[in-house]
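S.K.: Before anything else, here's the structure in question.
Rule-based calculations on the coordinates, nothing more; no lab input. This structure is a prediction, so every number in the text was calculated from the model and none was measured. Neighbour counts run over all protein chains shown; Cβ positions are idealised from the backbone, glycine included.
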Amino acid sequence: MKNYDIIKRPILSEKCYAGISSKIYTFEVDKRATKTQIKSAVEQIFNVKVSKVNTSNYDGKPKRQGRSEGYTAAYKKAIVSLTADSKAIEFFESLA
């Protein structure tokens, strides 16, 4: 897998905004990606040093619209912590 295939998008929620000041960022990642792959992808894409990666798998929730039933998409979330001497990711700086 390529680096841009591993990192799909940033997750921007109220809880994620609280971690930006302490260099903790949250991304939606490919379900098959491992922690080491996620670490190397973030380091190469954003030119930062990653200290820790935590991952969580989320199943789709059941939803209904009228008579039709289905599930929301399942995804994997990665919480990435940077080292203290690393620079911050510029994309998130305007959000903090």
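S.K.: With +1 on the Cβ of every Lys and Arg and -1 on the Cβ of every Asp and Glu, and nothing else charged, how large is the dipole of the chain about its Cα centre, in debye rounded to the nearest 20?
M.R.: The calculated dipole for the chain is roughly 380 debye.
S.K.: From the backbone phi of the stretch 32-39, what are the Karplus-calculated ³J(HN,Hα) couplings (6.51 cos²θ - 1.76 cosθ + 1.60, θ = phi - 60°) in whole Hz, Gly and Pro given as x?
M.R.: Each residue's phi maps through the Karplus curve to give 8, 6, 8, 5, 5, 5, 5, 4 Hz.
S.K.: Identify all aspartates and glutamates with a Cα-Cα distance to Lys31 below 16 Å; exclude those on the same chain that are fewer than 8 residues away in sequence.
M.R.: By straight Cα distance, Lys31 reaches Asp5, Asp59.
S.K.: Now for a separate question. Quick one: which of 31-38, 87-94 comes out on top by average Cβ neighbours within 10 Å, and what's the full order, highest first? Could the numbers behind the result be given before it?
M.R.: Numbers: 31-38: 15.4, 87-94: 12.4.
The peptides rank, most packed first, as 31-38, 87-94.
S.K.: Hey, can you rank 71-83, 2-14 by average C-beta count inside 10 Å, highest first?
M.R.: 71-83, 2-14
S.K.: Using a ≥ b ≥ c from the Cα gyration tensor of the chain (square roots of the eigenvalues), is it rounded, prolate or oblate, where a/c under 1.5 gives rounded and otherwise the larger of a/b and b/c decides, a/b for prolate?
M.R.: prolate
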